[in-house]
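The structure that follows is given in the form of structure tokens.
The values are calculated or read from the model by the stated rules, or taken from the named source; none is laboratory data. Everything quoted here is computed from the prediction, not taken from an experiment. Note that we place each Cβ from the backbone using ideal geometry, even for glycine, and neighbour counts take in every protein chain shown.
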Amino acid sequence: MHKPDNTHSRLPAFKEQYDLIIIGGGIYGATLAWEATSRGLSVVLLEKSDFGSGTSANSLKVIHGGIRYLQDLNFARTRESIRERRALLRIAPHLVKPMECVMPTYRQLSKSRLALWGGTTLYDMLAYDRNEGLDATHSIPAGSLLSLKALQSILPDLHDDTITGGARWYDAQATNSERLVLAFLMSAKAQGAHIGNYVEVKALLYGQEQKQIKGVVAEDVLSGESLTLKGSVVVDCSGPWTMAESDNAPDLTGNVSPQTSRKTRAVNLVVNRKIAPCAVGVKTRIVEGPDNTNRLLFITPWREGSIVGTWYFEDNGQPEDQAITDKELASCIAQVNSALPALNLCQADVTRVHLGRLPVEANSPKTGEPQPQKNFQIISAAEHGRAKGLFQVQGVKYTTARDVAKCVLDAVSASLSVPLQPSATHKTPLYGGDIIDSAAFLAQCQQRYRAQLSTETLNNLVNNYGSKVDDIVRYAIADPLLAEIVPGTQHMIKAELRYVIDHEMVCTLSDLVLRRTELGSFAIPKDEAISYCVDFLADALGWDQALKVNNVQELRDNYPVWVSARQPDSVDVGNDNI
């Protein structure tokens, strides 16, 4: 890991004592930090790399309302998902928006028009309060049936004589899931939480006879500085990167989990093809050979293309290995093409491979693939004869992470020395989310800033930063150079770079390009955009030439080899672009 000169500016002045120490800055750590801080606890969160850069970055971007749980008549979980989808639409309206979903109906009775009509009708009844507190632009419509002709207009490449039409329902989409993680963290930070990325927990501190947790020993990865932080409760939210999974690191949980540590690699493909105007479910049709793993694939429209998934592959046990093999990728592409032969998808169409690791529950009886756990776990070390105040969270669903955070605080409350205030995170706007009427807000911004920004630039800023757009535009007004478009992009202004570097704990080029802005989230940016961004960031952080070269290579490593195969020196890392 490279080490910039001014590593300390991003970190807070840590306190000696906290109520709660959180390890891991993915969606589960982020929601817990916000929930705990908003309820009166002093909180510190430590993430060994960047926020939301691990399993939380692997997603179809769907905020599920729980319709899938009706198959098992799990009404409680359906209701939980409906509530959590509504909460995210309400507290982050700039980042979470309604999304139309379509599934074909078939002659088979269990998948017929009658069956799916019954399912969507029951779902709408259970979701009677789905739009409470939401503005009109974020309301979730009722489901309906589609004729065969209407379905074919949505999916003209779908050819199956057993299809009779389709069913439509609505969920929501996290248009920028990385910034949604950040929104929880920035909200916690604004309320007093201490948040640190690139800070790795190395060991636990115990009281007498290791019966009580006392804190952690951590290291600033960028500077090498050692930190000792004390706290009444430690919650490990690092998922597959938990220290208990490492043979070389101290054991955080003492192997208290009664479940196996087996993991699966969950894979979604980002492709540069607009497969459908809405989210669709399609069945694969492999008829012979070793890839006879027919399944339902879900395809969501996103950015300039689509995301397709999810596949589950056996894990090799190495948390840092985020690779998919050539054979696995070929199988994924073959399955997509079996469902939509006219699509003729190929490797060159895949712009990114999202891969995360999840705990396994069992193997699928249909495909033989490892299947992730269906339910989250909160593991108390004390219940397994270990230290009091030490907990581990194993989450499985992005949508319900806020509700899990509430459950975690219920579990740890007895170990806290202060009472918890009531929860209000289901209705409290997140960072950038204090927007009452999204359509009116956008219209006001367009009217106010039409002299400074194009419509496309302003729309992108509002969709990613919400109410923080005013702060970004102030940079552009104060310095006209920052109102200019970033070279190699169409609509990104330089003021956006300046804002996130100044306010959002950017440490690397990958942080900037992949997780703070949307510049490289869909596909690798143009060389001139990478060149400008690395020079801009180097100027802000005081990097030398070697650090710039390292950062460019690290960014390239986030893309498949067939995407990033250009020569490393094709990007100009001089200082003439600033």
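Does residue 367 satisfy being buried (at least 18 other Cβ atoms within 10 Å of the Cβ), on the phi < 0 side of the Ramachandran plot and polar (S, T, N, Q)? Don't jump to the end; show me each part of the working.
On the way: buried (at least 18 other Cβ atoms within 10 Å of the Cβ): no; on the phi < 0 side of the Ramachandran plot: yes; polar (S, T, N, Q): yes.
When the stated conditions are applied, residue 367 does not pass them.
I would also like to ask the following. Regarding residue 222, is this residue assigned by TED's automatic domain parsing to the domain that holds residue 32, in a loop (DSSP other than H, G, I, E, B), buried (at least 21 other Cβ atoms within 10 Å of the Cβ) and of a type outside the set (Asp, Glu)?
yes
Related question: Suppose we keep only residues that are in a loop (DSSP other than H, G, I, E, B) and of a type in the set (Gly, Ala, Ser) within the stretch 426-484. Which one would you say is surrounded by the most Cβ atoms within 10 Å (Cβ to Cβ)? Don't jump to the end; show me each part of the working.
Kept after step one, since they are in a loop (DSSP other than H, G, I, E, B), are these residues of the stretch 426-484: 426-437, 450-454, 479, 484.
Now restrict to residues that are of a type in the set (Gly, Ala, Ser): 432-433, 451, 454.
Working: 432: 23, 433: 21, 451: 6, 454: 14.
Selected residue: 432.
Next question, about the same structure. Could you list, in sequence order, the residues of the stretch 324-350 that are loosely packed, with under 14 Cβ neighbours inside 10 Å, not in a helix (DSSP H, G or I) and not β-branched (Val, Ile, Thr)?
Within the stretch 324-350, 344, 346 meet the criteria.
From (1) assigned to a loop (DSSP other than H, G, I, E, B); (2) touching a strand residue (DSSP E or B) at 6+ places or on another chain (Cβ under 6 Å); (3) without any contact (Cβ under 8 Å) to a residue 60 or more places away in the chain; (4) of a type outside the set (Lys, Arg), pick out the condition that doesn't hold for residue 378.
With respect to (1) assigned to a loop (DSSP other than H, G, I, E, B); (2) touching a strand residue (DSSP E or B) at 6+ places or on another chain (Cβ under 6 Å); (3) without any contact (Cβ under 8 Å) to a residue 60 or more places away in the chain; (4) of a type outside the set (Lys, Arg), residue 378 is out only on (1).
If you take the residues in the stretch 525-565 that are among the aromatic types (Phe, Trp, Tyr) and part of a loop (DSSP other than H, G, I, E, B), which one is modelled with the lowest pLDDT? Outline the logic, then answer.
We begin by selecting, within the stretch 525-565, every residue among the aromatic types (Phe, Trp, Tyr); these are 532, 536, 543, 559, 562.
Narrowing the set further to residues that are part of a loop (DSSP other than H, G, I, E, B) leaves 543, 559, 562.
Values: 543: 94, 559: 92, 562: 85.
Here the answer is 562.
Each row is one residue, and each column tells you yes or no for (1) charged (D, E, K, R); (2) touching a His at 6+ places or on another chain (Cβ under 7 Å); (3) surrounded by fewer than 20 Cβ atoms within 10 Å (Cβ to Cβ).
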{"residue": "73", "(1), (2), (3)": "no, no, yes"}
{"residue": "79", "(1), (2), (3)": "yes, no, yes"}
{"residue": "84", "(1), (2), (3)": "yes, no, no"}
{"residue": "92", "(1), (2), (3)": "no, no, no"}
{"residue": "100", "(1), (2), (3)": "yes, no, yes"}
{"residue": "103", "(1), (2), (3)": "no, no, no"}
{"residue": "107", "(1), (2), (3)": "yes, no, yes"}
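With the checklist (1) without any contact (Cβ under 8 Å) to a residue 60 or more places away in the chain; (2) part of a strand (DSSP E or B) in hand, flag the one item residue 353 doesn't pass.
(1)
Given 116, 109, 146, 158, which one is without any contact (Cβ under 8 Å) to a residue 24 or more places away in the chain and over 23 Å from residue 439 (Cβ atoms)?
Matching residue, one of 116, 109, 146, 158: 109.
For the stretch 1-23, what are the residues that are in a loop (DSSP other than H, G, I, E, B) and either of a type outside the set (Gly, Ala, Ser) or modelled with pLDDT of 95 or more (or both)? Quick ask: steps written out before the conclusion?
Let us first name the residues in the stretch 1-23 that are in a loop (DSSP other than H, G, I, E, B), namely 1-6, 11-16.
Selection gives 1, 2, 3, 4, 5, 6, 11, 12, 14, 15, 16.
Can you name the residue in the stretch 285-313 that is touching an Asp or Glu at 6+ places or on another chain (Cβ under 9 Å) and either part of a loop (DSSP other than H, G, I, E, B) or among the small types (Gly, Ala, Ser) (or both) and, of all such residues, is modelled with the lowest pLDDT?
Of everything passing the filter in the stretch 285-313, 293 is modelled with the lowest pLDDT.
Which condition number does residue 255 fail, the rest of (1) over 23 Å from residue 31 (Cβ atoms); (2) modelled with pLDDT of 90 or more being met?
Unmet for residue 255, out of (1) over 23 Å from residue 31 (Cβ atoms); (2) modelled with pLDDT of 90 or more: (2).
Just to verify a result, which residue in the stretch 79-114, among those that are in a helix (DSSP H, G or I) and acidic (Asp, Glu), is nearest to residue 423 (Cα to Cα)?
So, considering only residues that are in a helix (DSSP H, G or I) and acidic (Asp, Glu), the one nearest to residue 423 (Cα to Cα) is 84.
Take the stretch 34-76 and flag every residue that is part of a loop (DSSP other than H, G, I, E, B) and closer than 25 Å to residue 419 by Cβ. Outline the logic, then answer.
We begin by selecting, within the stretch 34-76, every residue part of a loop (DSSP other than H, G, I, E, B); these are 39-42, 48-54, 58-61, 64-66, 73-74.
Those that are part of a loop (DSSP other than H, G, I, E, B) and closer than 25 Å to residue 419 by Cβ: 39, 40, 41, 42.
Sort out which residues of the stretch 117-132 are closer than 14 Å to residue 66 by Cβ and among the acidic types (Asp, Glu), and write them in order of number.
124, 129
Part of a strand (DSSP E or B) and either without any contact (Cβ under 8 Å) to a residue 40 or more places away in the chain or loosely packed, with under 14 Cβ neighbours inside 10 Å (or both): which single residue out of 383, 361 fits that description?
Exactly one residue qualifies, and that residue is 361.
Return the residue satisfying two criteria in turn: it lies in the stretch 509-543 and is in contact (Cβ under 8 Å) with a residue 60 or more places away in the chain and farther than 19 Å from residue 465 by Cβ, and of such residues it is surrounded by the fewest Cβ atoms within 10 Å (Cβ to Cβ).
Out of the qualifying residues, it is 542.
Give the stretch 485-504 a look and list any residue that's assigned to a loop (DSSP other than H, G, I, E, B) and not hydroxyl-bearing (Ser, Thr, Tyr), or say none.
Kept after step one, since they are assigned to a loop (DSSP other than H, G, I, E, B), are these residues of the stretch 485-504: 486-492, 504.
Listed by number, the residues that qualify are 486, 487, 488, 490, 491, 492, 504.
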